[in-house]
Each structure stands twice: as structure tokens, then as C-alpha cells.
1. Suppose each label sits 7 Å from its Cα in the direction of the beta carbon; what would the Thr283-Ile5 distance come out to in nanometres?
2. When only C-alpha pairs under 8 Å and at least 6 residues apart count, what is the relative contact order of the range 2-315, in percent?
3. On a full-extension model of 0.36 nm per residue, what is the gain between Val91 and Leu236, subtracting their alpha-carbon distance, rounded to one decimal in nm?
4. Would you pull out the residues with amide H under 5 Å of Ser237's amide H, same chain only if 5 or more places away, H placed 1.01 Å from N?
5. Just name one of Ala89, Leu309, Leu229: the one whose Cα is farthest towards the positive end of the charge dipole of the chain (beta-carbon charges, Lys/Arg +1, Asp/Glu -1).
6. Order these by the 10 Å Cβ neighbour count, fewest first: Ser142, Ser184, Ser27, Ser78.
7. Using a 7 Å offset from the Cα along the Cα-to-Cβ direction at both Ala259 and Tyr106, what is the distance between the two label points in nm, to one decimal?
8. How large is the dipole of the range 2-315 about the Cα centre if only Lys and Arg carry +1 and Asp and Glu carry -1, each at its Cβ, rounded to the nearest 20 debye?
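The numbers here are math on the coordinates, done by the rules we state, and not lab data. Because the structure is predicted, anything quoted here is derived from the model rather than measured. Positions of Cβ are generated from backbone atoms using ideal geometry, with glycine treated the same way; all protein chains shown enter the neighbour counts.
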Amino acid sequence: MNAWIQAFRLKTLPLAVSGIVLGATLSGMHGKWNLAVLLLAALTAVSLQILSNLANDYGDFIKGTDQTANRTDRALASGSIGPAQMRTAIVINTLLSLGLGLFLLYVATPSLKLFGVFLALGIMGILAALGYTMGKRAFGYSGLGDAVVFVFFGPVAVCGIFYLMTGTLIPQAWLAAVGMGLLSAAVLNVNNMRDTQTDNLAGKLTLALRLGRRWTQLYHKTLLLMGFLFVFTSFLSEGGSLQIRPNLTEPLLLLLVYAPVILLLTRHAGRVAELNSQEPPVTPEDRKPWNKELKNLSLTIMLMVVVYLFTVVLFVA
């Protein structure tokens, strides 16, 4: 059981549900809220994330990437789970994700046309989860991972749940979605910065590897800054426009409330810059500081969403 818990990578799950909670919070800000839809969407997102984690473990193992990187922290590379077992788990989780998604759409979509549109998005999500490292044209091996993470953790998650609850899309939702997508890409970027040396040996051409240390660091800071600003601005904007609400008290109060999040993001950026200035890690022990920053950034993003939720309850609802 411990091997499967490790393979599920529970530390990645907070990020999977953050976009869902953010989109639902925006919906609640506009008087539309559906707890059943929120719970089903969150379960679907968690199932897709676990599917992605299992598929990544399998894809990197089959391609020899984990063996090259001495990834004894991975289930297949360490031998704690066999390839046949992992394939079975991937099939089961694919069916579970599809089933949860279908149930969500049955509950949330009022028309067959809308059902079909969201079903197509769901299938694309499953294919994206499988295709990050699996297959001959795995996009994680060609530098496209950042773009896919941005799309599915940002616009698809935030705008998708917002539309399911409200039946419409507004600029405010798009602002939050872009911000969440950028922050999610920052999480993937930390992962790729950590693995540049071993990915290079294995032929895994991530965006971090293509950009090099200096530009990847600038890219990371830009993702954090712009991601936070987009999410922050989404709260201050009018629902149906990009205009800032006239009440100047709200920005000041929101900055005060968000101060801990800003400090955590700043500390994270400094720590990643420090790690990036050192030699790339090559052993599981070397990776521990990087893994800590991965966990800290994911939890900080979730904290930002929780703060957003409580700010809406206090200042808007």
C-alpha cells in the first residue's frame, strides 16, 4: 500500500483542486453555487492528477529516464511496483476518471450539446494525462508540458467549473484562469529545473532544459509574479468587464490579507534561485531541497485560493 501511496504522489493533489475551488469561488461571488458540482469536479480533478502521476511513472520508466536519473523514489524504477501492475492501475484510473467526469456532466450540464462539449474536454484531459510521458510523441519530452499544464490547470479548470455553475463566462473568470495557469506552470518549472541534468542525459527536452539556467530562472519569477497579479486583479475587477471596482478600500484590505502569500512566494523565488545556482541534483538526497520547494509552492498556491475564498465571503458575499 505504501508503494501505491508513493506512486499517487499525494503532494501534487492540492494543486489539482486549487483551480476548481477558485472557479467555484468566483461563481459564488456572482450568486451561483453548487456544492455537488464542486465536489464532483474536485474528485474528477484528483483522479486525473493521480492518473497523470501513474502514467508519468510508467512513461519515464519505459523510456529509461528514471533509470538514467537513479530515481529510486519512483515506484517502477525502485522495483516496488511492477510494469504490469502499473498498466492495470492506469487502466482502472482512466475508467474512474471517465466515470467521475460523466457523472459530473450528468449533474451539471442542462443540454446534450453542452454535455458533448465538456465530454470532449474531459477526454482531452485524459489524453493529456496519459500523453505527458507515454507514447512516441510524449509532449513532456518536447518542451510542451508547460503549455499543457497552463491550459488544463488554468482555463479548463477555472473557467470550466465557472461555466458549469453559471452558464456563462466573464472576463473576471479568464483573469483568474490565466493566473492559475501561470502559477501551475511555475510548479512544473521547478520540477523541470531540478531534473535538467538527468533529463538531458535521457533526451527529455523540457522547456527548462531548452532555456538554460539563467533564462529559466527569469521565466520562473515571471510566472510567479504574473500569476499572482492576474489572480489578484480578478478579485478587484468588475464581473462583466476588466474595470477595477471603484472602492479603494478593498485593494488595501486584500493586500493586507495577501501579505503572507506574497512573502511565501518571494521566499520561494529566492530559494529556487539559490538552488538553481548550485550544481543540478543527481541523487535522491540531492533532490530533497527541490522537492521541498515543489511542495511549498503547491501549498502556497492552495493557500492563495483559500485566502481568495475567505476574502470573497468577508468582502463580497
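1. About 2.7 nm separates the two model spin labels.
2. RCO, the range 2-315: 23 percent.
3. Working: separation 145, 0.36 × 145 = 52.20 nm, distance 4.33 nm.
Length gained, Val91 through Leu236: 47.9 nm.
4. Residues meeting the criterion, in which the H sits 1.01 Å from N, are Arg245.
5. Positive-most Cα among the choices belongs to Ala89.
6. Sorted ascending by nearby Cβ count, the order is Ser142, Ser78, Ser27, Ser184.
7. Those two pseudo-labels are separated by 5.0 nm.
8. Working: 23 positive and 14 negative charges, 54 e Å.
So the dipole magnitude of the range 2-315 works out to roughly 260 debye.
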